[in-house]
Amino acid sequence: MSKTSSKKNALTLVIIAAVMIVVLVGGIFIINNTGKSKSQMSREVAASHLEKKLKHIDVTNVTPRKAAVEITGNNLADELPDIEKYPLSVEGNGMVNIEIFSSTEKSSSGTDGWLNEVAENFNKERNTINGQLASISVRPIASGAAVDYIVSGKYLPQAYSPSNVLWGEMIAAQNADIKLECDRIAGNTAGILIHKKAYQKLEAAYGTVDVGTIIEATIKSEISMGYTNPYASSTGINFLVAALQEFDSENILSDTAVEKFQQFQQNVPFVAYTTLQMREAADSGVLDAFVLEYQGYYNATGLRDYEFIPFGVRHDSPMYSIGHLNADEQELLKTFINYCKNDKNQKLAQKYGFNYKDEYQGNLASSVDGNAMISAQHLWKTEKDAGSAVMAVFVADVSGSMAGAPIANLQNSLINASQYINNTNYVGLVSYSTNVNINLPIAQFDLNQRSYFTGAVQDLSPGGNTATYDAVLVALDMLMTEKEKVEAETGQPVKPLLFVLSDGETNEGNSLSDIDDIVAGFEVPCYTIGYNANLNKLAELSSINEAASINADSDDVVYSLKSLFNAQM
């Protein structure tokens, strides 16, 4: 062999070895990142990227001041928006007219419009009461919000048809004038949807799969389950009561029930602010099981990989009268109830997904009255985090476009809604325009911190551009640093959250695409609240870790934040 050939062979071996090393190292990198998209960056890598980004962000520490705190509580009627926030889906124009507050699964659009179609047909028939044209109006409104209007007296319809009787019991317990006129106008049931693979796993382990099995499996971390806010959702309050009954059938508020509930909540990833948020979490693979009414399951053909397990009291859309109806109104309500229940409209209800699962009779312990359910809501509010503190940083937009009504609205809503934050949680405040300010370092939200928070919010002053995502990175860094510190001091886990309050698009600093992998890597939910805003970009930020995005217009922002804080804080 020639010297030239030997040199070529040696060079070839060196190249091969180098390529093998590159492939080996690259292979390790690929293996370590298999299945990790950009939105699945590891926390360690996210921390490294965050550190680099922060070097290019100007941050100013603002000295907070204390301000007087209102501790008497807000007036519910004042918090509620004008009723036109919930427009009529059917408007009657008869001399005798009844307005019905209706749960949204039967009074919205598309497959959720059964009661609308029935009311429209009734109005077209030009029925009369004592020679006067009679009509029905329908106002779709979530059952929990409807309760607040009725109890506060802010706005009273003549009739109310929630999903289930639990809401009626709670209204009656608060001394509102309500009377059950009919316990069913369309049959429905609440249920837990559990993925068939998880169902088969539980069936093999437990023999049968029911609400008790699913709750026990959740406590043991065998499955991951989610449910909706029991302050707002019919299925959510039904599940809460059903779970507490599983823990103690004699007293849903006993020490035993509370202890078991805490164990259960330790293994619940989150309680969804909306059904949509919960569905998105299920679609992303976060949840093995979640709650939904059968009517919704019937119409959602994409959920056929899930088994439906009924639980709790039935959702048969009872009908109540509200307040004192005159004789003509009483006769009209009775006539319309009978119209809803005739054969034609009951067959129509089946097309919309109602009147199935009638073999399930439901259950409600005799000891569970309206007062007990209200207490159960309060229990959930205080115990839902199961001993874990919630740590949140509020990220407030103070760019020039927030001047005037938007900033005043943000300040008012944050200060008034802050009373719904548990005092065991931790809160901080960041604001941003062209640059980023730390207005309030994170601390436990006792009266002292709430006083500083109130002062810091009151002192927010708009001007400049909009560096939203720079501020998100600063808030993330605050959260991660303080979370580690508190966990080391207390030995208890901390759940971090971000609340981003803004009115528009970013035009300064990092873009969403620059930071989305970092947010995903830390797995911190970012709840966004848009003040008269285009919500598209805010919704994208929220969707990274299955959080909710709220359109908080000027008249309902306090109520929206109250609902959000009840669910998350």
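The values are calculated or read from the model by the stated rules, or taken from the named source; none is laboratory data. Predicted model only: the values in this text are computed from it and were never measured. Glycine also receives a Cβ, built like all others from the backbone with ideal geometry; neighbour counts cover every protein chain displayed. Areas reflect the complete protein model, heavy atoms only, side chains present, ligands, DNA and RNA absent. Shrake-Rupley method; radii C 1.70, N 1.55, O 1.52, S 1.80 Å.
I need the full set of residues from region 379-400 which are open to solvent by less than 10 Å² (accessible area, probe 1.4 Å), assigned to a strand (DSSP E or B) and small (Gly, Ala, Ser), in order please.
Scanning region 379-400 gives Ala392, Ala396.
Which residues, taken from region 438-453, are open to solvent by 40 Å² or more (accessible area, probe 1.4 Å) and within 18 Å of Ala475 (Cα to Cα)?
Pro441, Gln444, Tyr452
Let's see how each residue does on (1) closer than 30 Å to Ser135 by Cα; (2) at pLDDT below 75; (3) open to solvent by 50 Å² or more (accessible area, probe 1.4 Å); (4) more than 37 Å from the chain's Cα centre (by Cα):
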| position | (1), (2), (3), (4) |
| --- | --- |
| Lys3 | no, yes, yes, yes |
| Thr34 | no, yes, yes, no |
| Pro81 | yes, no, no, no |
| Pro87 | yes, no, yes, no |
| Val90 | yes, no, no, no |
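One line per residue, one yes/no per condition, for (1) more than 22 Å from Gly404 (Cβ to Cβ); (2) part of a helix (DSSP H, G or I); (3) touching a Gly at 6+ places or on another chain (Cβ under 7 Å):
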| site | (1), (2), (3) |
| --- | --- |
| Leu460 | no, no, no |
| Leu473 | yes, yes, no |
| Met478 | yes, yes, yes |
| Glu484 | yes, yes, no |
| Ala488 | yes, yes, no |
| Gln492 | yes, no, yes |
| Leu498 | yes, no, no |
| Leu501 | no, no, no |
| Glu505 | no, no, no |
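If you go through region 454-508, how many residues are open to solvent by 30 Å² or more (accessible area, probe 1.4 Å) and among the polar types (S, T, N, Q)?
Number of matching residues: 8.
Hand me the list of strands (runs of 3 or more DSSP E) wholly inside region 276-326 holding 1 or more residues that are modelled with pLDDT of 90 or more and under 26 Å from Leu202 (Cα atoms).
Those strands (runs of 3 or more DSSP E) span 289-293, 306-310.
Can you spot a residue in region 333-341 that is under 23 Å from Ser108 (Cβ atoms) and part of a loop (DSSP other than H, G, I, E, B)?
We begin by selecting, within region 333-341, every residue under 23 Å from Ser108 (Cβ atoms); these are 333, 336-337, 339-341.
Checking which are part of a loop (DSSP other than H, G, I, E, B) leaves us with 341.
Yes, that holds for at least one residue.
Look through Asp517, Asp503 and report the one residue that is modelled with pLDDT of 90 or more, touching a helix residue (DSSP H, G or I) at 6+ places or on another chain (Cβ under 6 Å) and of a type outside the set (A, V, I, L, M).
Checking each option against the conditions leaves just Asp517.
Tally the residues that are open to solvent by 40 Å² or more (accessible area, probe 1.4 Å) and among the β-branched types (Val, Ile, Thr), restricting the search to region 114-171.
Matching residues across region 114-171 total 2.
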